Amino acid sequence: MAGRLDELAGAIGTELVAGYADVARGLAGSWSVEDAAALEDAAARLERLDALLAAAHAAMAASRAYGRAGRHRDATRTRDLALTLDLRCRGTGAPWRAVGDATALTPREHEIALLAAARVSSGDIALRLSLSVRTVNNHLHRAYVKLGISGRAQLAAVLRQQR
């Protein structure tokens, strides 16, 4: 498959197509650290070409690959890059958003997110965990930012998908 991608990218001869081929090659790999690095490189290449949406997608894939390989610092860095690129796409009419990996949440954010996704109110979460409602909402806000989502319905969908 990689050979065919290289052949097509060479035939078309543009850097943008070569960047897309790099992403496809990384996604088709075994999700190793090398694949994650290749996806990160592809994201940087696509960003230089102003293909921000594709770059965000490649960076998020790199984040997931790094996470699976146990490289959590690299996973966090590339996830943050993906979310930043995604924010730069806003207003362009792009329908896709970089939706993060729930493993990026801290244990407390994950705990609160699970309760919120189960339709427990912020007030009830605060009572259960001996926190203020403001603290609960701050944790939820940070979780939304990390996951690239905007509300509890999306939170439930992301957590369901992660299971």
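Out of segment 1-36, which residues are among the small types (Gly, Ala, Ser), at pLDDT below 80 and outside any helix (DSSP H, G or I)?
GLY13, GLY29, SER30
Would you kindly identify the helices (runs of 4 or more DSSP H) lying entirely within segment 100-163 that contain at least 2 residues that are closer than 17 Å to ARG79 by Cα, modelled with pLDDT of 80 or more and not hydrophobic (A, V, I, L, M, F, W, C)?
On the way: elements: 107-117, 122-129, 133-147, 152-162.
Passing ranges, in order: 107-117, 133-147.
Rundown of residues vs (1) more than 24 Å from LEU87 (Cα to Cα); (2) in contact with a strand residue (DSSP E or B) (Cβ under 8 Å, 6 or more places away or on another chain); (3) hydroxyl-bearing (Ser, Thr, Tyr), yes/no style:
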{"site": "HIS110", "(1), (2), (3)": "no, no, no"}
{"site": "LEU114", "(1), (2), (3)": "yes, no, no"}
{"site": "ALA118", "(1), (2), (3)": "yes, no, no"}
{"site": "SER121", "(1), (2), (3)": "yes, no, yes"}
{"site": "ASP124", "(1), (2), (3)": "yes, no, no"}
{"site": "HIS141", "(1), (2), (3)": "no, no, no"}
{"site": "TYR144", "(1), (2), (3)": "no, no, yes"}
{"site": "GLY151", "(1), (2), (3)": "no, no, no"}
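Restricting attention to segment 37-58, and to residues there that are charged (D, E, K, R) and outside any loop (DSSP other than H, G, I, E, B), which single residue is surrounded by the most Cβ atoms within 10 Å (Cβ to Cβ)?
That would be GLU40.
Would you pick out the residues in segment 59-82 that are surrounded by 23 or more Cβ atoms within 10 Å (Cβ to Cβ) and within 16 Å of TYR144 (Cα to Cα)?
MET60, ARG79, ALA82, listed by residue number.
The values are calculated or read from the model by the stated rules, or taken from the named source; none is laboratory data. Everything numeric here is computed off the predicted structure, so don't read it as measured data. For neighbour counting, all protein chains shown are included, and Cβ atoms are generated from backbone atoms with ideal geometry for every residue, glycine included.
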